[in-house]
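First comes the structure, then the notes that go with it.
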Amino acid sequence: MASMAATDNSGHVRGRERTSGGTIVIAGDRTKSRLAAHRHSGRVRILKFALPLAAVAMTGFATMNILGNAGVGPALPPLEVPKIVADNLKMHNPHYQGFNSDGGHYWVKAQTAQQDLKTLTAVHLDSITGELTDVKKQKTYLTAVRGVFDNKSNILELYDAINVTGDSGLNAKLTRATIQTKENIITSDQPSTILMGAGKITSNQLTIRQKTKEYTFLENVRTHIQPKESQQAATGQADTTQTALPFGKPGQPVDVASNRLDVDDVKKIAIYSGQVTATQDGATMTSPEMTVTYEGAVAPSAKDDSQAKDAHTDADAAGTKVKLIVARDSVVLQQTNGQTATSRTATFDTVANTAVLEGDVVLTQGDDRRAVGDRVDYDQAAQTMVLTGPVVVTQGANILKGRRLVYNRATQKMQLSAPANIMGNASAGRITAHFVKPSAKAPSAQSSDDDQNSDGISFGAAFKSDPNAPYDVVSDKLDVDDNAKNATFTGNVSAVQGAVTMRSQELTAFYTGSAGMDAADDQTTSGTAKAPATLTHLTAKKKVVVTAKDGQTATGDWAEVDVKKNLTTMGGAVVLTQGKNIVHGTRLVIDMNTGEATIKTEPVARADGPAVSSSDGDGKSQVFKAERPSAIFYPGQLKKSKIEAQGWEVRTSP
């Protein structure tokens, strides 16, 4: 057997030992192997003791923890577990955006954002700005102090100092709002203010649908409308103190209170409902519902100056103008001067400055004036009021009836008529008047009138009438001039006072006080109420006929009635008849207190001989040549009459 050995650089000996059957490699140094084996054996011996001890300790620790939680044994000190604080997760300048199914889109930015750890879809935002754009590229801008955005439902809750503006003119100031970003719907259950070019709207609840341009205001809704200067200039009525309208004055601000307001800015309609009260210049209008039609946007654009320079809408240029106001169901209008109007509906055309009240119209002024009809039309420019239907006008105990009443406030003239085609009447009708005389009974005019003592023929008490009896007049038409204080009846006039009837083609009633249809006209310069209209005298013209209760008749060219004295004087070609008895003269005086009638002549010296004068009641005179006055009596007809003749030619017939 041979062997070989070699020494390496480290001094260790390596060698091989050869045998006859092969070669065997022999390691010359085993120190490292022994050290590794020794360390492994030591770890094994430690683990044999450590593992059982650790198991026992863990079991004891768990047992003590359970007992401690159950209140048994000493309490263990709490373990301090690191917490995740939301402040540590604050994001700066976050940006959220999305798209709607109809093609619109939105984005919301904030200065900072914090994730809500309880609701992982909610993010708290501070210093918010946003923009909602609909399919028509109309934009809505919003700002708020803080809010919460739910990125799952795309709902943004805003709080504190919220401003919502838009290209369409929206400018809302809110304290709390919920915005459905995809639907572009804004709601608020807190007090809100909408600013408009013509005023503002406040309410306790608000819903804005920007896609359809619909706005709903609920609870304690208040609207203030301030007409633009251009509107006032166009009407020319901004500074006027005169008005023919039953409510307010054109050009003055209007305040409306209601429970609800619905605005459709596409149809340009605003509907107020629930105890609606509109106030203008002290006048008020109340109704359950009021609809306002307007032109322009509901408000001017609220963009900042830089945006406004780049884009102006038509609404900005035109502004908001009210065109039509319609109030429905039990409308009540009250003026500051005491005038009140009620009807079923009221329509105001603010462009034409006209108003129409329809259905059970009742106009009242103070305590003693009232006019009723089916419809009344007001024209501000013409200063007229036209009342139609079964018209009844009362002033105290005085009553007028007809089908059509026209009153002009500027001229203080009034006309009452009954034309055809009103109330379904195919033919013209008649108007009636009932005038009550002063209650004090006048003394007899017989003893105080010098004319009664002149020569003439006196008849008995056929014309006697109650001095306090009212006058009832029927005619085709009545014209009243409240400046001149007269009322003229025309067309087959018939006036009845007690037992005496007077017929003529024209009858003018003169009065004191006021008969106007506007309560403002019924005040003196000191502000006190004028006295109501009171008859003083009557003038009849054109074929005057006075008939007594026994058929005695007097005809003449004109007649004057002194209402206070209860005295009637007739003139012209006077003819007094009683049965077959006939008396001719130029003047007839009837004392209706006693019923005695005296007929006489009035000679007038003229170059061509004696003559008598006769007035036709219009300030002109007619001259008749004096024929010898005459009377023809039939003795059989004189049994019931007392006749006294002085200076007359009296002829009797068998």
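Which members of the range 360-392 meet the condition of being polar (S, T, N, Q) and either under 21 Å from the mean Cα position of the chain (by Cα) or at positive phi (or both)?
Across the range 360-392, the qualifying residues are Thr364, Gln365, Gln380, Gln383, Thr384.
Going residue by residue through the range 219-233, is there one that turns out to be at pLDDT 85 or above and either surrounded by 19 or more Cβ atoms within 10 Å (Cβ to Cβ) or over 27 Å from the mean Cα position of the chain (by Cα) (or both)?
The answer is yes, given that some residue of the range 219-233 is at pLDDT 85 or above and either surrounded by 19 or more Cβ atoms within 10 Å (Cβ to Cβ) or over 27 Å from the mean Cα position of the chain (by Cα) (or both).
Show the residue pairs that are 6+ apart or on different chains and have beta-carbon atoms under 7 Å apart, the first residue being within the range 572-584 and more than 9 Å from Gln552 (Cβ to Cβ) and assigned by TED's automatic domain parsing to the domain that holds Lys541, the second being among the acidic types (Asp, Glu) and at pLDDT 85 or above.
Going by the 7 Å Cβ cut-off, the qualifying pairs are Gly572/Asp557; Ala573/Asp557.
Filtering the range 412-421 down to residues that are surrounded by fewer than 20 Cβ atoms within 10 Å (Cβ to Cβ) and more than 18 Å from Gln365 (Cβ to Cβ), which residue is nearest to the chain's Cα centre (by Cα)?
For the range 412-421, the residue satisfying everything is Gln415.
Identify all residues within the range 168-186 that are on the phi < 0 side of the Ramachandran plot and either outside any strand (DSSP E or B) or not assigned by TED's automatic domain parsing to the domain that holds Glu157 (or both); write none if there are none.
Selection gives Ser168, Leu170, Thr181, Lys182, Glu183.
Of the residues that make up the range 182-197, is at least one in contact with an Asp or Glu (Cβ under 8 Å, 6 or more places away or on another chain) and at pLDDT 85 or above?
No, the conditions are met nowhere in the range 182-197.
If we scan the range 294-301, do we find a residue that is within 18 Å of Val322 (Cα to Cα), part of a strand (DSSP E or B) and modelled with pLDDT under 95?
yes
If we keep just the residues of the range 109-149 that are among the hydroxyl-bearing types (Ser, Thr, Tyr) and at pLDDT 85 or above, which is surrounded by the most Cβ atoms within 10 Å (Cβ to Cβ)?
Checking each candidate, the answer is Tyr141.
Would you tally the residues in the range 576-591 being crowded, with 23+ Cβ neighbours inside 10 Å and of a type in the set (Gly, Ala, Ser)?
Of the residues in that region, 1 qualify.
When you go through Ala469, Ala484, Ala442 one by one, which is the residue that is at negative phi, part of a loop (DSSP other than H, G, I, E, B), modelled with pLDDT of 90 or more and among the hydrophobic types (A, V, I, L, M, F, W, C)?
Just a single option satisfies the conditions, and that option is Ala484.
Please find, within the range 93-104, the residue that is modelled with the highest pLDDT out of those that are surrounded by 16 or more Cβ atoms within 10 Å (Cβ to Cβ) and in contact with a strand residue (DSSP E or B) (Cβ under 6 Å, 6 or more places away or on another chain).
Pro94
Do the conditions hold for Lys152, that is, is it surrounded by 18 or more Cβ atoms within 10 Å (Cβ to Cβ), of a type in the set (D, E, K, R) and under 20 Å from Thr187 (Cβ atoms)? So that I can check it myself, show each step before the final result.
Details: surrounded by 18 or more Cβ atoms within 10 Å (Cβ to Cβ): no; of a type in the set (D, E, K, R): yes; under 20 Å from Thr187 (Cβ atoms): yes.
So Lys152 does not fit the description; no.
Among all residue pairs at least 6 apart or on different chains, which show Cβ distances below 9 Å where the first residue, located in the range 113-129, is more than 12 Å from Glu157 (Cβ to Cβ) and the second is basic (Lys, Arg) and surrounded by 13 or more Cβ atoms within 10 Å (Cβ to Cβ)?
If the second residue must be basic (Lys, Arg) and surrounded by 13 or more Cβ atoms within 10 Å (Cβ to Cβ), the pairs left are Ala113/Lys90; Gln114/Lys90; Gln115/Lys90; Asp126/Arg146; Ser127/Lys109; Ser127/Arg146; Thr129/Lys109.
From the list Asp379, Asp360, Asp368, pick out the single residue that is among the acidic types (Asp, Glu) and not assigned by TED's automatic domain parsing to the domain that holds Ala327. Spell out the reasoning first.
Working: Asp360 fails: not assigned by TED's automatic domain parsing to the domain that holds Ala327; Asp368 fails: not assigned by TED's automatic domain parsing to the domain that holds Ala327.
Result: Asp379 is the single residue among Asp379, Asp360, Asp368 that is among the acidic types (Asp, Glu) and not assigned by TED's automatic domain parsing to the domain that holds Ala327.
Does Ile431 qualify as being under 26 Å from Lys543 (Cα atoms) and at pLDDT below 70?
So Ile431 fails the test.
With the condition kept exactly as written, say whether any residue in the range 394-411 is surrounded by 19 or more Cβ atoms within 10 Å (Cβ to Cβ), over 16 Å from Gly516 (Cβ atoms), among the charged types (D, E, K, R) and modelled with pLDDT under 90.
no
Please go through the range 350-359 and give me each residue that is buried (at least 17 other Cβ atoms within 10 Å of the Cβ) and on the phi < 0 side of the Ramachandran plot, ordered by number.
Thr350, Thr354, Ala355, Val356, Leu357, Glu358
The values are calculated or read from the model by the stated rules, or taken from the named source; none is laboratory data. In this text the structure is predicted, and so the values were computed from the model without any measurement. Quick reminder, even Gly has a Cβ in these numbers, built from the backbone with ideal geometry, and neighbours come from all protein chains shown.
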